[in-house]
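First up is the structure itself, then whatever we jot down about it.
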């Protein structure tokens, strides 16, 4: 089961970047999309954390994992966010 499918099965509203944007888009484009839509960036890419720090902004939240290279952004279906703890 893929990362997005796994998170959806756990009750999160999640999309893979390639379904809402161009896979070859600059990191800043997916970063801006997540910020504008109140989503969280879940990524393996080190650039998102650096982009967040460089812009000195608090959104979007970035969850960086060390596993397969995937980007997912999302909110829980029940209205919570991926980092709300519930």
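Observations
- Looking only at the range 36-53, and only at residues there that are crowded, with 16+ Cβ neighbours inside 10 Å and under 19 Å from residue 4 (Cα atoms), the one that is nearest to the chain's Cα centre (by Cα): 41
- Spans of strands (runs of 3 or more DSSP E) in the range 9-85 with at least 2 residues at pLDDT 80 or above: 12-16, 40-43, 62-64
- Neighbours by Cβ (under 6 Å, 6+ apart or cross-chain): first from the range 7-34, touching a residue at least 60 places away in the same chain (Cβ under 8 Å); second surrounded by 16 or more Cβ atoms within 10 Å (Cβ to Cβ) and assigned to a helix (DSSP H, G or I): 14/4; 14/7; 14/8
The values are calculated or read from the model by the stated rules, or taken from the named source; none is laboratory data. Here the structure is a predicted model, which is why all the values come from computation and not from measurement. Don't worry about glycine lacking a Cβ; one is built from the backbone with ideal geometry, like all the others, and counts go over all protein chains shown.
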